[in-house]
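Worksheet for the structure shown next.
FYI, it's all coordinate maths here, none of it is from the lab. Just so we're clear, the structure is a prediction, and the values are computed from it rather than from any experiment. Here the Cβ is made from the backbone with ideal geometry for all residues, glycine too, and neighbour counts use every protein chain on show.
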Amino acid sequence: MAGAKKESKTARASVRAGAGGAGGGRVFGDMKRFTPLGGGFCYFANSDGKSLHLKVDSEELFTVLSAIEGADRAKVDAEVTELAAKYGEKVPAWKALAEKLTAGELAEAAA
């Protein structure tokens, strides 16, 4: 294998994330869907394989997360709760998002 280049982690992750795109399948499994960034921003791996760059306390992120249902929703909620516990002191937006998602679930259950 003369001249073969080592594939970067980012390239491998992109290939894994895009692998299910053509067939319509999802590849997330145990993969984390959030990548927290500085300044209250994050990347969110959407189910269509695209990464969205959003502010944690934005209405757009809340809308995207609210549209997720079933087992995916439980995984996303657990991940947001984990991030709120880990980064909540430095970035209060994570705690606010976790509370907002919980309040949204309670409102849906009451309706």
Label points 7 Å out from Cα along the Cβ direction at Glu89 and Glu60: separation in nm?
3.1
Quick one: net charge of Ala84's neighbours, Cβ under 14 Å, K/R +1, D/E -1?
-2
Most exposed first, judged by fewest Cβ atoms within 10 angstrom, Arg33, Arg73 run Arg73, Arg33
